[in-house]
Amino acid sequence: MSELLVVGSVAFDTIHNHLGSHARVLGGSAVYASLAASKLAPVRLVGVVGKDFPREAVDMLRNAGIDTAGLEVANGETFHWEGRYSKDLTSRETIQTDLNVFADFEPKIPAAFRNSPYVMLGNIAPQLQLHVLDQMESPELVIADTMNLWIDTALDALKELLKRVDILVINEEEARQLTGYHHPLAVAEALRTMGPETVIVKRGEYGALLFLEEDIFCAPAYPLKNVADPTGAGDSFAGGFLGYLAENHHSDLRQAVICGSSTASFCVQDVGVGALVELSREHLDKRIHDFRELTCF
Ligand code: AMP
């Protein structure tokens, strides 16, 4: 089992959905990804919070086995994101993004974290993701997530980043925006030409597609009766995916995709991080087993 470094946002999220409004719940790409990955491998978290970040939240992360030595506490308030979901939860609009301490964030990787073999660059500005890579010794595997904001505002840095990333995890709409192509094979080929050997296209409630050379793997999303909150599903997918690879020494990408789909399926069953915090290894393994039954023919 190898250590896994996770960098990304640590946030308070205000979420409006079919269940009502949920003010300032704990969230952020690094929190979702770390919690998911922590079920499988030792996680080292790097991010920034403000003075308002509660002690209990740090304790919760530590109790999950996450090393928070890289969680900087800066003067000011914690990053805050507010979004509203459509009734069927298939789309969301950002109402407000308050960068707060995130505005001046320059990730500093603690010396003891620099040898981490597995690195997950959660969704933050590509310039910052590059800055993280510059501080790492020689990671075995680097995976990155991104979003439309950076395609619109930091395309050059994003292209630079892609040259240094082994696996890109990106949602379908953003993959189409970045490449200008629509159909999956054309999108994947264009993305792989930009740098990453492996591309994973997230398709929300329709699952994920993995592209590696000539190999394509299609994983469904786990069918659920109710979804409480899709926030963080993509980050929990990436955390579960990379956690699996860190646990099993980069063995089987298909298994890792199923593991990511499993962690994501738990994430969406509660508002915020609740379901991930409660998730036991036993329940995760059971869901991976159920996935096998679901897709075997
Ligand atoms: P996901 O639903 O997987 O796309 O991720 C949702 C998380 O992304 C939320 O918890 C937000 O706090 C976080 N988030 C939203 N906008 C940004 C941004 N511009 N930079 C970093 N994190 C963000």
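Bear in mind these aren't lab numbers, they're just calculated from the coordinates by the rules spelled out. Worth saying up front: this structure is predicted, and the values here are computed from it rather than measured. Glycine gets a Cβ as well: all are built from the backbone with ideal geometry, and neighbour counts include every protein chain shown.
Assorted remarks:
- Tallying residues that are touching a strand residue (DSSP E or B) at 6+ places or on another chain (Cβ under 6 Å) and among the β-branched types (Val, Ile, Thr) within the stretch 268-297 yields 2.
- Put simply, of 224, 210, 253 the only residue that is of a type outside the set (Lys, Arg), touching a residue at least 40 places away in the same chain (Cβ under 8 Å) and in contact with a helix residue (DSSP H, G or I) (Cβ under 6 Å, 6 or more places away or on another chain) is 210.
- Where residue 61 falls short, out of the listed (1) within 16 Å of the ligand (Cβ to nearest atom); (2) in a strand (DSSP E or B); (3) surrounded by 15 or more Cβ atoms within 10 Å (Cβ to Cβ): (2)
- Among the residues of the stretch 91-99, not a single one is of a type in the set (Ser, Thr, Tyr) and crowded, with 17+ Cβ neighbours inside 10 Å.
- Residue match in the stretch 95-109 (condition: in a helix (DSSP H, G or I) and of a type in the set (Val, Ile, Thr)): yes
- Evaluated against (1) closer than 27 Å to residue 92 by Cβ; (2) touching a residue at least 24 places away in the same chain (Cβ under 8 Å); (3) in contact with a strand residue (DSSP E or B) (Cβ under 6 Å, 6 or more places away or on another chain), residue 264 falls short on exactly one condition, (3).
- Residue 175 being of a type outside the set (Phe, Trp, Tyr), free of Cβ contacts under 8 Å to residues at least 60 places away in the same chain, more than 21 Å from residue 241 (Cα to Cα) and assigned to a helix (DSSP H, G or I): no
- Residue count, the stretch 158-172 (criterion: over 25 Å from residue 93 (Cβ atoms) and in a helix (DSSP H, G or I)): 4
Yes/no per residue for (1) more than 30 Å from residue 248 (Cβ to Cβ); (2) away from the ligand (no atom under 14 Å from the Cβ); (3) of a type in the set (Ser, Thr, Tyr):
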{"position": "82", "(1), (2), (3)": "yes, no, no"}
{"position": "87", "(1), (2), (3)": "yes, yes, no"}
{"position": "92", "(1), (2), (3)": "yes, no, no"}
{"position": "101", "(1), (2), (3)": "yes, no, no"}
{"position": "109", "(1), (2), (3)": "no, yes, no"}
{"position": "121", "(1), (2), (3)": "no, no, no"}
{"position": "124", "(1), (2), (3)": "no, no, no"}
{"position": "128", "(1), (2), (3)": "no, no, no"}
{"position": "131", "(1), (2), (3)": "no, yes, no"}
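- Residue match in the stretch 44-57 (condition: part of a loop (DSSP other than H, G, I, E, B), in contact with a Gly (Cβ under 6 Å, 6 or more places away or on another chain), within 16 Å of the ligand (Cβ to nearest atom) and of a type outside the set (A, V, I, L, M, F, W, C)): yes
- Scan of the stretch 39-87 for residues that are closer than 10 Å to residue 10 by Cβ and of a type in the set (S, T, N, Q), ordered by number: 68, 78
- Subset of the stretch 110-129 (residues that are under 17 Å from residue 48 (Cβ atoms), part of a helix (DSSP H, G or I) and among the hydrophobic types (A, V, I, L, M, F, W, C)): 113, 128
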